[in-house]
1. Among DSSP beta bridges lying fully in the chain, give the percent that are antiparallel, nearest 5.
2. Return the subset of K423/K464; K116/K172; K43/K443; K43/K446 for which the Cα-Cα distance in this structure is over 21 Å, preserving the input order.
3. How large are Rg and Dmax for segment 218-337 when only the alpha carbon atoms are used, in Å?
4. So how compact is segment 26-75: Cα radius of gyration and Dmax in angstrom?
5. Please get the size of the charge dipole for segment 355-462, origin at its Cα centre, with Cβ charges of +1 on Lys and Arg and -1 on Asp and Glu, quoted in debye to the nearest 20.
6. If every alpha-carbon in segment 250-297 counts as one equal scatterer, what log10 I(q)/I(0) does Debye give at q = 0.15 1/Å?
7. Give me the Kirkwood hydrodynamic radius of segment 89-140 in Å, from all C-alpha pairs, to one decimal place?
8. Dividing the alpha-carbon radius of gyration of segment 47-136 by 2.2 N^0.38 Å (N being the number of residues), what value is obtained?
Amino acid sequence: MMKSLKQHIADVQNIQKQMEEFFAYDQKVKIYHGTTNSTRAQKFEKGKYIDVSNLDHIIEINTAQQYILVEPNVPMDKLVEETLRCGLVPPVVMEFPGITVGGGIQGGAGESSSCKYGLFHDASLEYEMVLGNGEIIMTSPSQNEDLFYSTACSYGSLGIITLVKLRLIPSKKFIHLTYYSVGSFDEAINFLSEKCSGSANFIDGIMFAKDHGTIMIGDFSDKKELPVSTFGKPADEWFYLHANKISKQYKKYEEIIPIRDYLFRYDIGGFWVGRYFFTFFKIPFIKITAYIFYRLFNTRTLYRLLHSTNISQQYFVQDLSLPSNSALEFLQFIDKKLHIYPLWLCPLRPGKNDKLSPNYIDTNLVINVGVWGELKGSYDQFIKINHEVEKEVYDLHGRKVLYAHSYYSREQFWNIYDYKWYKEIRDKYFANSVFPDIYEKIKVTKRYKRSILSGLWQAWRSSKLPIE
Ligand SMILES: Cc1cc2nc3c(=O)[nH]c(=O)nc-3n(C[C@H](O)[C@H](O)[C@H](O)COP(=O)(O)OP(=O)(O)OC[C@H]3O[C@@H](n4cnc5c(N)ncnc54)[C@H](O)[C@@H]3O)c2cc1C
């Protein structure tokens, strides 16, 4: 997992040379790193991409100063494996083990500790970057700070991150998790807001229905005196089913979860999205089938299947960030319009300087609502509902997390984000002629063509995104 600094420099110089050529020919390129946790179809064409997939090593873990120097293509599970050996962990670890350091920074990733620490990129201290013209520069709050702050959530449209200095915090072996059941959206939001002003490290919630949910509060712990639950083995229950059962039985329940199992507790089943594969292939969703197909239901495999079969337009999969004072109205809207359950509630500390971030919202607390479920109806209805949700989020002063499908017109999009500022940064750092802009990257323009059988074959043959 470790790489020498010398080897890292050689790998970055290789990327630099390629970028110089692309720049000389004004050739637009996409950043390829082999995988993705976005739900948009990804197309990489020969001669039109830059491959950063070998930037997947750790250069240094500094235990005294509590930071790590890490290349961008290191996924969360490998990152945590190495830092935990030193008793440390990044403040924010995304729930899916395959999300990478670079993708998490560029994609506005967060999770249950985001209430305390902000998004994943808020722990970044410094980036080494290759610009559009091939120049290698360092960015930090004191060096090229305009690029440092605008890089987060820019979806690779400003430059290539080649190395990250990331802050770490002390960790313990277990998480002590307390479940509180709640009986309405109102109660859930009030409870989240109250708990977020306290000292808890991890806070998230699930609404299983509009009158039934759970808020889960976690803290680091060394003690094992409570019941212990695990979520990484074939016989383990999917986490959301476990949480649902508990919240029906108890008003308050406490347990201990080994740290790795807690951090990736939603991996098996992809929160609950994996159950749609059972429906799609007409397999009963029961304990024994969940056990038999365990290997297929980790998020890496689920994403592979999603991309190779191209079925994402049958589902509404979006994360929407709302200021806490309009979250209730938004949940009521989703209940009425889509009636998708469960819903994920993840409170986030608002952004400060990261103008492209989904939580750059004027509020004390942002509530991220994960709405992931099946949509019945035609393609036209799918587009219509996406437009309606985009409008509702805008009217309620929220923002979409842009990893998913976006159907905004260019004008609508730049009403949300500051185009003048963004264009100046792109001009200043030589991004314009080589990197597609953020709108080009996130806008879905066409109807996807499903390919079930060939898709399954492709997913079986390779774990990497194809290059055409
Ligand atoms: C059901 C569902 C639930 C989700 N839940 C969560 C969640 O709980 N928490 C969470 O944080 N996220 C969640 N996500 C979204 C996920 O965090 C984002 O999609 C994340 O950005 C993915 O990172 P990735 O490593 O897969 O990168 P990609 O999706 O491949 O890349 C994201 C962007 O970064 C760019 N990029 C990648 N590497 C570099 C680099 N080295 N330099 C410059 N640009 C680069 C890419 O070009 C792309 O535009 C969820 C998604 C779904 C569908």
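The values are calculated or read from the model by the stated rules, or taken from the named source; none is laboratory data. Note that the structure is a prediction, hence the values are computed from the model and not measured. In this analysis, Cβ positions are derived from the backbone assuming ideal geometry, glycine residues included, and neighbour counts consider all displayed protein chains. Protein only, heavy atoms only, side chains kept; ligands, DNA and RNA dropped before computing areas. Shrake-Rupley method; radii C 1.70, N 1.55, O 1.52, S 1.80 Å.
1. Values: 65 of 72 bridges.
If we restrict to bridges inside the chain, about 90 percent are antiparallel.
2. On the way: K423/K464 33 Å; K116/K172 17 Å; K43/K443 13 Å; K43/K446 13 Å.
Pairs exceeding 21 Å: K423/K464.
3. 16.8, 46
4. Reported Rg and Dmax, both Å: 14.7, 45.
5. Details: 18 positive and 13 negative charges, 109 e Å.
Magnitude of the dipole: close to 520 debye.
6. -0.52
7. On the way: mean 1/r = 0.0834 Å⁻¹.
About 12.0 Å, per the Kirkwood formula over Cα pairs.
8. 1.11
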